[in-house]
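Enquirer: I have a structure I would like to understand better, so I am pasting it below and will then ask my questions one at a time.
The values are calculated or read from the model by the stated rules, or taken from the named source; none is laboratory data. Just so it is clear, the structure is predicted and the values come from calculations on it, not from any experiment. No Cβ is skipped: glycine too gets one built from the backbone with ideal geometry, and neighbour counts run over all protein chains shown. Accessible surface is based on the protein model in full, side chains and every heavy atom, while ligands, DNA and RNA are left aside. Shrake-Rupley method; radii C 1.70, N 1.55, O 1.52, S 1.80 Å.
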Amino acid sequence: MQIRKLKVEGAYEFTPRQFRDHRGLFVSPFQLEAFQQALGRPHFPVAQTNHSISRRGTVRGIHFTVTPPGTAKYVYCARGQALDIVVDLRVGSPTFMRWDAVEMDQVHFRASYFPVGVGHAFVALEDDTVMSYLLTGPYVAENELAVDIFDRELGVRIPAGLDTVQSERDAAALSFAAARAQGLLPDYAESAAVEERLWQPSGIGATS
């Protein structure tokens, strides 16, 4: 497993080895040993798994979770091709407002780890792109927020030549400035404290 530290503090890319033969392919996108090597954590406390299928041009995000409770994610592309994007929305972070992207597909099976408090988005580059997630917290609708991925202040670059498709919620998402002015963005220190609690024996879903 190859590990690459992303430009956003606490975020990582993982590229697993593949085993191919006349039957097909075997790959393990999540490996605890590599996760421990990168983050120095004893485990990844899974509370929920998500699975999405998207048509070419679909843009999901930038999504983030109210913190606390906060949620960390481990994401990979099981089929198709996507540009997976992390944006540092944590006020006070050394990489605040910085973003990075991981090219995901069914050739390399790269995966990404996103810490508590950051924003996540992806762009589907092929029809029937399947994204799979491991999450440290359950989905609670009122805790899930979004900022506009096309906000020029953030400068996230979307691949050209796509007829983009968004949900109504994402199309109407707040600008970065508005989300910050309303006090909606996660705090870096608080996000780190929430993430630290995740690694405790009773850390799954912990909010205090």
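Enquirer: Please list the non-local residues whose amide H lies under 5 Å from the amide H of LEU125, H modeled 1.01 Å from N, same-chain partners needing a gap of 5 or more.
Expert: GLY57, GLN81, ALA82, LEU83
Enquirer: Moving to a separate point now. Say the dipole of the stretch 10-70 comes from +1 at the beta carbon of Lys and Arg and -1 at that of Asp and Glu; which of PRO68, SER28, SER52 then lies farthest toward its positive end?
Expert: Highest projection toward the positive end goes to SER52.
Enquirer: Rolling a 1.4 angstrom probe over the protein heavy atoms, how many square angstrom per residue are accessible across the stretch 14-121?
Expert: 43 Å²
Enquirer: ALA193 to ASP21: FRET efficiency via 1/(1 + (r/R0)^6), r the Cβ-Cβ distance, R0 41 Å, to the nearest 0.05?
Expert: That pair, ALA193 with ASP21, gives E of 0.30.
Enquirer: Taking θ = phi - 60°, what integer Hz values does the Karplus form 6.51 cos²θ - 1.76 cosθ + 1.60 yield along the stretch 76-83, in sequence order, with x for Gly and Pro?
Expert: Karplus-based 3J(HN,Hα) across the stretch 76-83 equals 8, 9, 7, 7, x, 8, 8, 9 Hz.
Enquirer: Tell me, what is the percent relative contact order of the stretch 84-139, built from C-alpha pairs under 8 Å that lie six or more residues apart?
Expert: 36 percent
Enquirer: Shifting gears a bit: Give the distance, in whole Å, between the Cα centre of the stretch 50-81 and the Cα centre of the stretch 1-33.
Expert: 18 Å
Enquirer: Another question, if that's okay. Under a point spin-label approximation (7 Å from Cα along Cα-to-Cβ), what is the HIS108-ARG4 distance to one decimal in nm?
Expert: So the label points at HIS108 and ARG4 sit 0.5 nm apart.
Enquirer: Kindly give Rg over Rh for the chain, based on alpha-carbon atoms, with the Kirkwood expression for the hydrodynamic radius.
Expert: Value, to two decimals: 0.95.
Enquirer: Need the full-extension length gain, ARG169 to GLN37, defined as separation in residues times 0.36 nm minus the C-alpha distance. One decimal, nm.
Expert: Here the segment from ARG169 to GLN37 would lengthen by 43.8 nm.
Enquirer: Considering the chain as a Gaussian network with a 10 Å cut-off on Cα pairs, which listed residue, ALA179, ALA124, ALA82, attains the greatest mean-square fluctuation?
Expert: For the chain, modelled as a Gaussian network with Cα springs under 10 Å, the answer is ALA179.
Enquirer: Can I ask one more? Per residue Cα convex hull volume for the stretch 104-208, in cubic angstrom?
Expert: Here the figure is 150 Å³ per residue.
Enquirer: So what is the relative contact order of the chain, in percent, for Cα pairs below 8 Å that sit 6 or more residues apart?
Expert: 28 percent
Enquirer: Which value, in debye to the nearest 20, describes the size of the charge dipole of the chain about its Cα centre when Lys and Arg Cβ atoms bear +1, Asp and Glu Cβ atoms bear -1, and nothing else is charged?
Expert: Once rounded to the nearest 20, the dipole reads 460 debye.
Enquirer: Out of all DSSP beta bridges in the chain, what portion is antiparallel? Express it as a percent rounded to 5.
Expert: 95 percent
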